[in-house]
Amino acid sequence: MPSVLDTLAAHSDNPSSFLALNSGNEYFHDERFEGTCAYRTSGRYVLQFGGPFTAPEHRERLLDAFAAHAGRRLVAVQLQRADAELYAARGFTVNQIGASYAVDLSRFTLRGSRFVRLRNKISRARRAGLEVTEVRDGDDCAELDRLDRRWLREKGRHVKELRFLVGQRDGSLQVTPYTSCALEPAEGHHVNNIVLQDIEPDDRTPHVSMPYNPTVLNEVLRALAS
């Protein structure tokens, strides 16, 4: 049986499928064919992430097998359109809770008047000596841990760290380059987390669409200018 990572690499085109590798997830397999369903149990509910990961010709049967295994209290999130149609055809209620956008990097460019402010801010940051360090698996992440602890404390006394639908920096299935991230040292400390809803409470932009959100762009420009 292939590993979950190999299964996702072979059969998933979901841009957030790496979240299926987080520690604490469980995996359903059907011995009749290669594939998996990633899920967690919360109370009486089974929370599935990303639909059935398998070859197209096996997706319906894997979903049927998993739904029978999970029972009536199955909730699936982060589905793409083809997945949502499979669930709708089986009587599930389907609601849209966000939208994602994709950019063809082979044709994307920062040229032109649209991004002139961003180019100027990047040039200013380079002249100011801004350094970006890529943190990889096995590196010392004490500063990131400190940042996480401080950020959680600021949210309240009884706040717990999110475990589902949030990227993970460590774990048995989190390997380079999946754990790489960027940090900019400044006077011995690194950048802070920013919660979009703290700035725009009604904004529900999902993770993969953040780079195209105007509020996020303004915050990036403001940080580069500071």
Estimated distance in nm for a label pair at residue 77 and residue 198, the labels positioned 7 Å out from Cα along Cα-to-Cβ: 2.1
Quick check: pseudo-label points 7 Å beyond the Cα along Cα→Cβ at residue 166 and residue 102, how many nm apart are they? 2.8
Between residue 128 and residue 40, take the C-beta separation as r, use R0 = 45 Å, and let me know the FRET efficiency to the nearest 0.05. 0.55
For residue 121 the rounded accessible area (nearest 10 Å², probe 1.4 Å, non-protein molecules ignored) is 40
Calculate I(q)/I(0) for region 72-160 by the Debye formula, one identical point scatterer on each C-alpha and no solvent, and give its log10 at q = 0.11, 0.15, 0.16, 0.22 Å⁻¹ to two decimals. -0.81, -1.06, -1.04, -1.03
Two-site label geometry, residue 136 and residue 152: point separation in nm, points 7 Å out along Cα→Cβ: 2.8
Cα-Cα pairs of region 28-121 separated by more than 20 Å (percent): 49
Difference of contour (0.36 nm per residue) and Cα-Cα distance, residue 89 to residue 69: 5.4 nm
Accessible area, 1.4 Å probe, largest first: how do 41, 215, 93, 36 sort? 93, 41, 215, 36
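The values are calculated or read from the model by the stated rules, or taken from the named source; none is laboratory data. Here the structure is a predicted model, which is why all the values come from computation and not from measurement. Heads up, the Cβs are rebuilt from the backbone with ideal geometry, glycines too, and the neighbour counts pull from every protein chain shown. Surface accessibility is based on the protein's heavy atoms, side chains included, excluding ligands, DNA and RNA. Shrake-Rupley method; radii C 1.70, N 1.55, O 1.52, S 1.80 Å.
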